[in-house]
Amino acid sequence: MHSTVTHRPKPARSKDGELRHLMNLTAVGVTLAGVILLSVILYAAWAANSSASAREIALFGNAVNRSILRLLNEQKSVAWWDEAYTAITDAKPNTEFLETEFGIFLSETYGHDIVVILNPDNKPIFMYSGGARRSADDFERYRNVFAPVLAEIRQVKGRSLRLRPDLFGANQKNYRTIGSPLQSARWTGHLLTVDGAPAAVGALTILPNVDKSLLKPGRPHVLISVNTIDEAYLQEQGRSLLLSDLTLGKTANTNSEYAGMPLETDDGKIAGWVNWKTERPGNSLTSIILPLVAAGFIAAAVQAWIMLQRLRNTSSHLAQQEKRSRYAAKHDALSGLPNRAHFAEHLGTVLAGIDPDGFGQTAIIAYLDVDRFKEVNDTLGHSAGDTLIQEVAKRLSMHVRSGDFIARYGGDEFAILWRSADPNAAELLANRIARALLQPIEIEGQPLTVTASVGIAISPEHGRTVDEVMRHADIALYEAKNAGRNRSILFSADMAEQVEQRRAVEMDLQSAIANDELDVVYQPIVSCESGAIVGIEALARWSHPKRGFISPGIFIPIAEQAGLMPMLGERILARTMRDWHAWPHLEVSVNLSPLQFRQSDIVAILDRMVAEHKINPSRFVLEITEGVLMDAGERTREALQKIRRLGFRLALDDFGTGYSSLAYLCNFQFDKIKIDRSFVSGLARSQSVRTIVQSVISLGTGLGMKIVAEGVEEKTEARSMTDFGCTEMQGYYFAKPMPRNALEALIKTHKPIPILEEDATQRMAATA
């Protein structure tokens with residue numbers, strides 16, 4: 001019997017089933033995506049809230065540290081002061097002075113709640129709080145509070161004192177009086193509990209800041225100040241940090257809308273909690289996004305519409321970004337004015353529409369440069385320089401016409417384009433610029449008189465292309481600067497000729513340097529005590545084969561601008577080192593240009609030349625000007641140190657002509673100071689000049705430096721400088737710069753004679 005087995009095929013899934021299956025899968029996928037999306041949104045909201053709270057806590061913590069730093073700086077303004085040191089250390093302290101300059105000043109000016117001055121035995125000699133002087137008994141209630149602070153600041157050995165933050169200590173590393181760091185200069189800042197409330201506590205030693213001789217042996221006096229963290233402080237920080245509802249309590253606020261930070265004192269205790277209403281960006285995020293997500297689950301059309309809106313918004317945002325990018329590409333970020341590229345583009349368009357024969361309107365281009373802008377940056381800082389640029393841009397914009405075009409060309413340079421048919425348009429534009437800068441500009445509370453040098457060119461008269469017109473305006477600007485600044489000059493053809501001549505001189509100078517055709521002359525330096533020649537200064541001279549003698553005042557700036565100073569400086573050094581062997585007993589001074597530091601490895605060059613010329617580097621004095629030290633970084637500092645290690649000596653040349661000479665004496669080590677001739681020649685005319693010179697000589701002598709007076713041309717000047725304690729002098733009163741052979745003859749015949757016993761006429765005759 002045979003049986004037949006029939007295999008039934010599986011029923012095919014209907015289209016409806018497949019659709020339902022697909023819909024089920026889609027539903028599961030959408031649901032899963034929705035759950036994931038919801039989770040992401042909730043996590044993002046939580047993370048945003050947490051990040052906002054953490055940022056606010058960090059901001060307030062930094063504010064507390066800055067308060068301690070500010071407290072120490074406020075104390076330093078009175079504690080490191082000769083007059084205050086004398087008033088405190090006298091056998092009978094001047095209590096009226098202490099009340100006025102410490103108690104009242106620190107309390108009313110900076111809001112210090114408690115001011116205490118302790119003697120070397122930690123006994124109070126002055127205490128001020130609550131707007132009145134307090135007795136020594138009042139201090140005893142705080143002795144235990146201040147005990148750790150006093151123990152820390154009185155320690156003799158060890159590392160720098162602990163500080164929150166340590167920025168104050170970093171800024172005082174180079175604190176000096178007269179010559180050397182004061183080992184007794186100490187400071188510390190703490191957060192402590194004072195009178196049951198958290199408070200910033202600062203302590204530092206009281207020291208003289210100028211006269212080193214005032215400093216007495218033994219432990220110093222100590223100034224302690226307290227600034228309580230109270231409601232007024234919290235309101236100030238709330239306004240500054242944009243925190244709302246700041247309160248001080250014993251515990252943290254448990255409300256979810258609030259964040260807080262414990263005020264932990266430096267002994268590890270909690271002095272209180274600062275609480276504030278925190279930002280909740282995550283809540284705002286969820287309130288916006290969740291309804292959109294819900295709407296997306298309601299209907300696919302709504303979801304598509306939302307995505308379309310987002311796409312549209314994104315596209316609009318990208319379009320705005322592109323617009324902003326195009327704007328940024330043509331405008332200066334600091335001033336908001338069009339930039340150089342935009343000005344050139346606009347000028348090109350204007351010049352293309354001007355009648356080449358000059359009929360109708362002409363284009364007047366003013367190219368201006370703010371006078372002595374670098375000095376503002378160096379003295380007041382780059383922030384002040386930025387403020388000045390912004391104010392100048394504002395002033396200029398207010399004084400030009402609505403249809404005129406003004407741009408910041410770069411740095412402290414501006415360009416203005418006028419369209420006018422008035423033949424006096426250039427003069428009118430110059431007058432408008434002058435009026436714009438007539439009133440002083442207030443920078444950081446200081447009224448600053450600002451002037452500008454202006455070069456003006458007219459198209460088509462002075463050119464028909466952008467490059468040609470701007471080049472001629474630049475030439476006119478150069479002439480305005482050379483003429484003394486604070487003026488406007490219209491371009492003329494002879495100016496261009498002068499530029500061409502300057503370029504010709506530059507090419508000839510490059511050739512002369514390469515062929516070692518420049519001469520070196522030497523000016524004797526004499527001892528103030530004996531009148532003997534103790535040194536010489538090497539000076540470059542150039543006798544052009546066609547143009548004759550060219551002053552260093554002309555070719556040195558050309559060399560600097562053309563980048564020729566490193567090569568020229570090395571040639572002068574080599575010539576001087578070769579000549580030195582004729583008079584090895586004399587010191588030889590050689591000037592170093594700032595460009596030799598910036599454009600060449602000066603240390604390696606000097607090391608090589610010492611070996612090559614077999615000279616004694618200790619007989620060479622390298623003179624540097626303030627230009628080397630301006631904005632000196634670690635590279636310059638290390639170079640100067642290495643030069644000294646090679647054996648060379650250093651002199652600060654033209655002392656007193658810059659803005660930071662005294663700071664340079666504190667931060668850099670020099671063997672000599674050379675007083676600029678402008679001070680020497682002014683001795684007879686001004687008592688203030690005499691006072692300044694006497695102070696400089698006294699300061700330099702106290703630092704162990706020799707003082708050299710430059711440009712001594714009269715017997716009265718020599719007498720005064722000798723009386724003031726000057727070490728050495730040079731100038732036409734003793735001898736003019738001379739060639740090597742003339743110097744050798746002078747050295748052989750020179751007889752040391754006391755300077756003050758010799759008549760000027762006789763001296764000049766002897767050294768002719």
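Values in this text are rule-based calculations from the coordinates and carry no lab data. Bear in mind that the values here come from a model prediction, so they are computed numbers and not experimental data. When we count neighbours, we look across all protein chains shown, and the Cβ atoms used for this are built from the backbone with ideal geometry, even at glycine.
For the reader, a short list of remarks on this structure follows.
- Which of Pro217, Leu234, His190, positive extreme of dipole for segment 188-244 (C-beta unit charges): Pro217
- Computed over neighbours whose Cβ is under 11 Å from that of Ile673, the net charge equals -4, Lys and Arg +1, Asp and Glu -1.
- Taking a ≥ b ≥ c as the square roots of the Cα gyration tensor eigenvalues, segment 440-527 comes out oblate, since a/c reaches at least 1.5 and a/b does not exceed b/c.
- Alpha-carbon centroid distance for the pair segment 706-736 / segment 479-542, whole angstrom: 24 Å
- Local net charge near Gly410, Cβ-Cβ under 12 Å (Lys/Arg +1, Asp/Glu -1): -3
- The alpha carbon gyration tensor of segment 500-544 gives principal lengths a ≥ b ≥ c with a/c of 1.5 or higher and a/b greater than b/c, which makes the shape prolate.
- Charge tally in the Cβ shell below 14 Å around Ala319, where Lys, Arg are +1 and Asp, Glu are -1, Ala319 excluded: +3
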